[in-house]
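We did not get these values from a lab; they are worked out from the coordinates using the rules stated. Computed from a prediction, not measured in an experiment: that's the story for all the values here. Don't worry about glycine lacking a Cβ; one is built from the backbone with ideal geometry, like all the others, and counts go over all protein chains shown.
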Amino acid sequence: MIKTDTYAVFGHPINHSKSPRIHRLFAEQTGQIIEYTAQDVSAESFAATSKQFFVAGGKGLNCTVPLKELAWQYADQLTERAHLAKAVNTLACQADGSILGDNTDGVGLLNDLTVNHGITLRGARILILGAGGATRGIIPPLLEQQPADLTIVNRTVSKAQIIAQDLATLGTIRTCDYTSLQGQQFDLILNATSASLSDQLPPLTDNLLCSGGSCYDLAYANQATAFVQWGVEHLAAHSLDGLGMLVEQAAEAFYIWRGIRPETTAIIKLLNDERQITNING
Ligand code: ATR
């Protein structure tokens, strides 16, 4: 009997994860037979649980909050983008049994911005809110697009400065605190803070977004996040949340594991339609 290849997403909390649904839709679409589950795994038990998973024949893991840095440490080898991100969201068991760590968040964001929404990054003035792990992961692919400039704003500026120094070989990264943003304007503002998770908004001043500019929240929710609302109120051409990025980073992980790239447009539409129904039905 052929054993079904098994995959899982580990994180804490994990009960609202859309990853099992997304990967099952990918498998259906591409005719792949896989099993994909969600498991609540704490930081303390991550290494032991991952080892158990791979020893039992597991083929690949997605790792989410708060496990991405631990997954980075756990991997036997890292891709260049995971090395730079200092965070891993995808682990893949290789033919020789070693575990490869990759980070598909950056390319997921890039695909959603440029392919799905037609937002041009070349020559754009980009502002990233926040200086945590998410910011580190998205900067390399953004700089590859040759924006006019890229600024990280953070309450704790020293954290932004460390990221700018670590990634200095990739391009110039400016850093500042929120009060220094006064008088500046950007074509694209990306919210990579964890503020949306508690329905908060970073302290943004008016006039930050230039006419025709766009806002993108890396977080997603069934309702518009506080930052997506801010973008709408400030007349953004696009004010988007991270549902598309979630599907795109999953597609890249699926490709790493299965060698087939799923088509994402219909799946993003399906998930978007479903949450609109959830909203209407309360
Ligand atoms: P992650 O690894 O997911 O990016 P993190 O490392 O905890 O998460 O980073 C969270 C980021 O959100 C930080 O940059 C944090 O700012 P500080 O470094 O100054 O703490 C930022 N953040 C969280 N809540 C915020 C809020 N209400 N307003 C502005 N920034 C916020």
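Each label point is 7 Å from the Cα along the Cα-to-Cβ direction; what then is the distance between the points at R122 and Q77, in nm?
3.3
Once you treat every alpha carbon in segment 5-103 as an equal point and sum by Debye, what is log10 I(q)/I(0) at q = 0.14, 0.15 Å⁻¹?
Results for segment 5-103 at q = 0.14, 0.15 Å⁻¹ read -0.48, -0.56.
Which of the trypsin sites (Lys or Arg not before Pro) found in segment 1-36 are in a DSSP loop and have at most 12 neighbouring Cβ atoms, other than their own, within 10 Å?
Filter output for segment 1-36: K3.
If you take the Cα Rg of the chain and divide it by 2.2 N^0.38 Å, with N the number of residues, what do you get?
1.00
Put +1 on the Cβ of every Lys and Arg and -1 on every Asp and Glu Cβ in segment 80-239; which of C93, T114, A160 then has its Cα farthest towards the positive end of the dipole?
Towards the positive end, the residue furthest out is A160.
Select from S42, S196, A131 the residue farthest towards the positive end of the dipole of the chain; place +1 on Cβ of Lys and Arg, -1 on Cβ of Asp and Glu, and compute about the Cα centre.
Of the listed residues, the answer is S42.
Using θ = phi - 60° and the Karplus curve 6.51 cos²θ - 1.76 cosθ + 1.60, what whole-Hz ³J(HN,Hα) does each residue of segment 96-110 get, with Gly and Pro shown as x?
Each residue's phi maps through the Karplus curve to give 8, x, 6, 10, 8, x, 10, 10, 9, 5, x, 5, x, 4, 4 Hz.
Report, in listed order, any pair from K59/K269; K3/K68; K18/K59; K3/K269 with a Cα-Cα distance greater than 21 Å.
In this structure, K59/K269; K3/K68; K3/K269 exceed 21 Å between Cα atoms.
Which peptide among 91-101, 197-207, 69-79 comes first, and what is the full order, when sorted by highest mean count of other Cβ atoms within 10 Å?
Final packing ranking: 69-79, 91-101, 197-207.
Going by average Cβ density within 10 Å per residue, which order do the peptides 247-255, 113-121, 138-146, 214-222 take, highest to lowest?
247-255, 214-222, 138-146, 113-121
Just add up the charged neighbours of G108: K/R +1, D/E -1, any other residue whose Cβ is under 9 Å from the Cβ of G108.
Summing Lys/Arg as +1 and Asp/Glu as -1 gives -4.
Taking amide H positions as placed 1.01 Å from N in the peptide plane, with prolines and chain starts having none, which residues 5 or more places from I152, or on another chain, fall under 5 Å of its amide H?
Hits under the 5 Å cutoff: I128, R174, T175, C176.
Does segment 106-243 come out rounded, prolate or oblate by the C-alpha gyration tensor, with a ≥ b ≥ c the root eigenvalues, rounded set by a/c under 1.5 and, if not, prolate when a/b is larger than b/c and oblate if not?
Rounded.
So which trypsin sites (Lys or Arg not before Pro) in segment 77-173 are both in a DSSP loop and have at most 12 other Cβ atoms within 10 Å of their Cβ?
R122
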